[in-house]
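One structure is given below, encoded as structure tokens.
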Amino acid sequence: MATVMQKIKDIEDEMARTQKNKATAHHLGLLKAKLAKLRRELLTPSSKGGGGAGAGEGFDVTKSGDARVGLVGFPSVGKSTLLNKLTGTFSEVASYEFTTLTCIPGVIMYRGAKIQLLDLPGIIEGAKDGKGRGRQVISTARTCNCILIVLDAIKPITHKRLIEKELEGFGIRLNKEPPNLTFRKKDKGGINFTSTVTNTHLDLDTVKAICSEYRIHNADITLRYDATADDLIDVIEGSRIYMPCIYVVNKIDQITLEELEILDKLPHYCPISAHLEWNLDGLLDKIWEYLNLTRIYTKPKGMNPDYEDPVILSSKRRTVEDFCTRIHKDMLKQFKYALVWGSSVKHKPQRVGKVCSDFSYLNRAITYATTLLLVS
């Protein structure tokens, strides 16, 4: 029986040989579904007999702080130097490859937030298929709130494409939103496929072929944009991680000013020199922007706000209830209401409940019992 790796290679070869047009969309969609299933089987193998022990698991690094940022890149691009400069944590640096053999954590205190920074071992081509320590590296990357892909300024585009391919193969989607489509299984009625927009990538036959590969014969699928076969497969798989990514181009002291100007205009890029400490402040600003954290300052009644120790909420959890839980789990038991000030409310103050999530404006104040909160 052919191994999973051989099956993956055979499908990839067939996809490479197949011309991409409307006539082959059905066939390519089926191949992509088969490939996604095989990759899942490869990266999360059965634990029977102990053969899958450790596969798909990350490095044993306790998650701490308000956010976690992972440094990903090929060997010797300067990840360890960058960690040393940003956090003061020692990670061995040398001119040869694979200096870092395990995950080295460090902490950045920035704008009142505690950000955990992970220096992951150098990734290699084929990591998504289990080569080297690829599974551990990418599994740990999946636990991060933001990824920094560190690139060598001499050949950033080549490395960028290779690393993206490895991360994509492990279900990590960079700087993308989850597909805006609805997929709902049902007991009968067959495949009901509707689209609210003009769709050029998916038709009913392709959708049925992909669903059939997953043994799904009854489902309602609604598209709200021009989705691809990959988007539908991602939704069916349900294990994709969508996270922000910054392409950190290191060693810019080794390129010309003209080359630097080109890199500086590319989206999601941040040029730096870790060794010479060029633009590290700019990188920290960009990390803060991409993490999209909210700072909430507490103010005891009759006293000045405490600007030294803010409560940090993530972009996905920023309701009044989340704030209360962050302070103490018992705080919600005594919660009655909050009062909100700011340009987005109809009344000043406006009484809100624990599900209020309107923290988007600066200089917002919330009162809870005898506590005043200033949000920024």
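No lab work stands behind these numbers, since they all come straight from the coordinates. Small disclaimer: the values here were computed from a predicted structure and weren't measured. Cβ atoms come from the backbone with ideal geometry, glycine included; neighbour counts cover every protein chain shown.
Worth a mention:
- Partner aspartates and glutamates whose Cα lies under 17 Å from the Cα of Lys316, excluding those fewer than 8 positions away in the same chain, are identified as Asp66, Glu177, Glu289, Asp358.
- Listed by chain and number, the aspartates and glutamates whose C-alpha is less than 14 Å from the C-alpha of Lys34, apart from same-chain residues fewer than 8 away, are Asp10, Glu12, Asp13, Glu14, Glu213, Asp230, Asp234, Glu237.
- Reachable aspartates and glutamates, given that their alpha-carbon falls under 13 Å from the alpha-carbon of Lys188 and they are not under 8 places away in the same chain: Asp220
- Peptides ranked, highest mean first, by Cβ atoms within 10 Å: ranges 181-191, 226-236, 208-218, 65-75: 65-75, 226-236, 208-218, 181-191
- Structure note, pairs Lys185/Lys346; Lys20/Lys155; Lys7/Lys160; Lys63/Lys160: Cα-Cα distances above 31 angstrom occur for Lys185/Lys346.
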